[in-house]
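Asker: Next up is a structure, given as structure tokens.
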Amino acid sequence: MGNIMSTDQQGMREGPGKPPPDKDEAPSRTSSRIRLEEVLAQPGPYPQVVLPSSGTYWDEHAMDADHHYLTNNSNKFETDETATYYRRYFLGNEHWTFFGEDEVHGPVVVTYKREVISSQENFRVLLRLKSGTHHATIINLGDYPTPAKMVKRLKEELTVERFYPVVTPEGPELILAYDEHVLKNHFKFGLIYQRFGQTMEEQLFSNRCHVAALEEFLCLMGQRVKLKDHEGFKGGLDTQFGQTGEESIYEKFREKEIMFHVSTLLPYKENDPQQLERKRHIGNDMVAIVFQETNTPFAPDMIASHFLHAYIVVQPIEPCTPNTRYRVSVTARSDVPFFGPTLPPTSTFEKSPHFKEFLLTKLINAEIACYKAERFAKLEMRTRSSLLCALVDDLRMKTNEFLGVTKVPETPKVETTGNKFREIVRSVLIGRKNPDTPGMLKKPIINNTNTLVAVTPASARSKGSGSSSGARTPTSSPDTTPNTMALSESDDSSLNSMDIDGHPHPLNEDSDTGLESMSSAETPHKLSLQCPLCGNNEDGVCALHADPETIMRQVETLKHEINKLKCDKLDLLRQNVTCQREIKKLKEKELKLGGELTSATKEIVRLQSLLKDLGTGQVSAV
């Protein structure tokens, strides 16, 4: 590794962030209330933030002054620079891209180009793995550089030896979309109003209105917009029917759009002590501002939320005067790394554009840092893994189409049975649910003639006899949780969701599983079905493939197929986001052209009027 001049790894960053001491939730809101009441029982002034004793949160004021991140005083966005390297160094220049498959690390996509630095030939390399993207400049690669050598230089544990070139004009576009999917230009932040002595979540969300000091702060942070007329980033707010209030605070900052979820601007419900409509938006934000009416303590664990990971507490000093200042504190969960810019020693700012720039930068960097927390890092890695698999599939397919060959050599993959997916699922789930053992499926009965006998419970017969033969039960939508996936078929077959971990959900007894409904007679129907595994259609399902162990092996195969479908779904979602961005750009262009057309029309009318006046003047002169 001594010949690598520089290396940047996606997601690698040191700081105060560390895994929480316990995976359980933070101390209960009752303990936070008691802790705050104990602080309020003492004479002021009070601290802005009171941390739980469990160590699940950190406070920037309490951090070591010698910490190397405390030197970060620049108002820079702490985005992942690796995501911009392909556009910066490779796009538009001669470079090569190869893909392969590692037995342990999965798909591998490597891009490199030659560079000459100080009369010495170097190779700039981008290596994409499920764990992240790695960048380095390599020297002394030998007379015959290969992708395998470059990959081995960056990650010694990789064993892939065979790579396939990307030969398609659409390759750079696909690679660019993958690399920059982590870059965000839209952010939404909560803004919670806290009055003096409020120690419970319900009190925070039940403040109907706010004081002039908060109004002054809102005017500084952004512009108040009418939601029904707003065309920019909406942040999940309703801009059509007014169900999330009439106004909100919006700001465009350095080409990034920000929408604030202000608690006092969201609808207030008289009969809802928890104010779930307000918490539905603020509780799903990662970062929130807590604006304190006056000097009063705030505990970060007093709000129950799986998403809120960082708080920026703002307290006004001499508000609504020429000497308005703001005292700021920052707290976040222990697994969130430190984020800049750093608070000054006094933690006090004058009301000015500089304070606005500092606070908006701090908010954006806070959300970027929250993605590195344990809860979100796992989701991000799973998403990156799925997108990388989709990228390799797209590059292989586009190369196939461009070269005009029937088949491109594929990287080693798990064998799947996609063409018989529905038939295999039907064979596994052909039995009805046993009413005596809820959640379990009856095993299909094979008689001595290898004919499948489907036994329907009495409860299913009674329901089936009462419904029309043409009725169909709606299937559930695909489940996006990592362990479940719903299956949806055409009108001739409908299956409910099943757990891919081997815990099937109860089947809807009215759903059509391909079996004819039982009549009032007790004799079960005998169905002669084609075996979905060997294609035997003479004797129905063969006894060999009706064995439960064989079926379980096929279930394992289904798990891999389901994972492939999930990858396809994520790819479609990614394409949908890209299309939405293009539509937005086209709308903006349409508005711009419309304005230019209006200006041109007015100019034509003015020139025509001027020409008419000149003609009239000439006639008068004659």
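The values are calculated or read from the model by the stated rules, or taken from the named source; none is laboratory data. Being a predicted model, the structure only gives us computed values, none of them experimental. Reconstructed Cβ throughout: ideal geometry from the backbone, glycine too, with neighbour counts over all protein chains shown. Ligands, DNA and RNA are stripped out before the accessible areas are found, and what is left, the full protein with its side chains, is counted by its heavy atoms. Shrake-Rupley method; radii C 1.70, N 1.55, O 1.52, S 1.80 Å.
Asker: State which residue pairs qualify: first residue touching a residue at least 40 places away in the same chain (Cβ under 8 Å) and small (Gly, Ala, Ser) and inside segment 220-238, second residue open to solvent by 20 Å² or more (accessible area, probe 1.4 Å) and assigned to a loop (DSSP other than H, G, I, E, B) in any location, beta carbons under 9 Å apart, and separation of 6 or more residues or different chains.
Answerer: GLY236/ASN284
Asker: Any residue at all in segment 98-107 that's under 27 Å from the mean Cα position of the chain (by Cα), surrounded by fewer than 15 Cβ atoms within 10 Å (Cβ to Cβ) and in a loop (DSSP other than H, G, I, E, B)?
Answerer: So far as segment 98-107 goes, yes, one or more of its residues are under 27 Å from the mean Cα position of the chain (by Cα), surrounded by fewer than 15 Cβ atoms within 10 Å (Cβ to Cβ) and in a loop (DSSP other than H, G, I, E, B).
Asker: Got a sec? Which of GLU251, GLU255 is on the phi > 0 side of the Ramachandran plot and either touching a Lys or Arg at 6+ places or on another chain (Cβ under 8 Å) or of a type outside the set (Gly, Ala, Ser) (or both)?
Answerer: GLU255
Asker: Now, a different point. Restricting attention to segment 108-122, and to residues there that are in a strand (DSSP E or B) and at pLDDT below 90, which single residue is nearest to THR399 (Cα to Cα)?
Answerer: Here the answer is ARG114.
Asker: When you look at THR84, is it hydroxyl-bearing (Ser, Thr, Tyr), open to solvent by 40 Å² or more (accessible area, probe 1.4 Å) and under 25 Å from the mean Cα position of the chain (by Cα), yes or no?
Answerer: It is false that THR84 is hydroxyl-bearing (Ser, Thr, Tyr), open to solvent by 40 Å² or more (accessible area, probe 1.4 Å) and under 25 Å from the mean Cα position of the chain (by Cα).
Asker: Going by the conditions given, is PHE307 crowded, with 24+ Cβ neighbours inside 10 Å and either in contact (Cβ under 8 Å) with a residue 12 or more places away in the chain or assigned to a helix (DSSP H, G or I) (or both)?
Answerer: Against the criterion (crowded, with 24+ Cβ neighbours inside 10 Å and either in contact (Cβ under 8 Å) with a residue 12 or more places away in the chain or assigned to a helix (DSSP H, G or I) (or both)), PHE307 does not qualify.
Asker: With the structure loaded, tell me whether TYR268 is over 13 Å from LEU191 (Cα atoms), among the aromatic types (Phe, Trp, Tyr), in a loop (DSSP other than H, G, I, E, B) and touching a residue at least 60 places away in the same chain (Cβ under 8 Å) or whether it fails that test.
Answerer: Taking the combined requirement at face value, the residue satisfies it.
Matching residues to (1) over 19 Å from LEU388 (Cβ atoms); (2) modelled with pLDDT of 70 or more:
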{"residue": "ALA543", "(1), (2)": "yes, no"}
{"residue": "MET552", "(1), (2)": "yes, yes"}
{"residue": "CYS567", "(1), (2)": "no, yes"}
{"residue": "ARG581", "(1), (2)": "yes, yes"}
{"residue": "GLY595", "(1), (2)": "yes, yes"}
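Asker: Filter segment 329-363 for residues that are β-branched (Val, Ile, Thr), surrounded by 22 or more Cβ atoms within 10 Å (Cβ to Cβ) and outside any strand (DSSP E or B) and give the result.
Answerer: Within segment 329-363, just VAL336 meets the criteria.
Asker: Among the residues in segment 294-304, are any in a strand (DSSP E or B), open to solvent by 20 Å² or more (accessible area, probe 1.4 Å) and either at negative phi or not polar (S, T, N, Q) (or both)?
Answerer: Looking through segment 294-304, none of the residues is in a strand (DSSP E or B), open to solvent by 20 Å² or more (accessible area, probe 1.4 Å) and either at negative phi or not polar (S, T, N, Q) (or both).
Asker: List the helices (runs of 4 or more DSSP H) inside segment 136-251, counting only whole elements, that have at least 2 residues being open to solvent by 50 Å² or more (accessible area, probe 1.4 Å) and within 22 Å of LEU308 (Cβ to Cβ).
Answerer: Qualifying helices (runs of 4 or more DSSP H): 201-205.
Asker: Restricting attention to segment 107-119, does a residue exist that is in contact (Cβ under 8 Å) with a residue 12 or more places away in the chain and farther than 24 Å from PRO172 by Cα?
Answerer: yes
Asker: Let me ask something else. Of the residues that make up segment 373-388, is at least one assigned to a strand (DSSP E or B), surrounded by fewer than 18 Cβ atoms within 10 Å (Cβ to Cβ) and either touching a residue at least 40 places away in the same chain (Cβ under 8 Å) or among the β-branched types (Val, Ile, Thr) (or both)?
Answerer: Within segment 373-388, none of the residues are assigned to a strand (DSSP E or B), surrounded by fewer than 18 Cβ atoms within 10 Å (Cβ to Cβ) and either touching a residue at least 40 places away in the same chain (Cβ under 8 Å) or among the β-branched types (Val, Ile, Thr) (or both).
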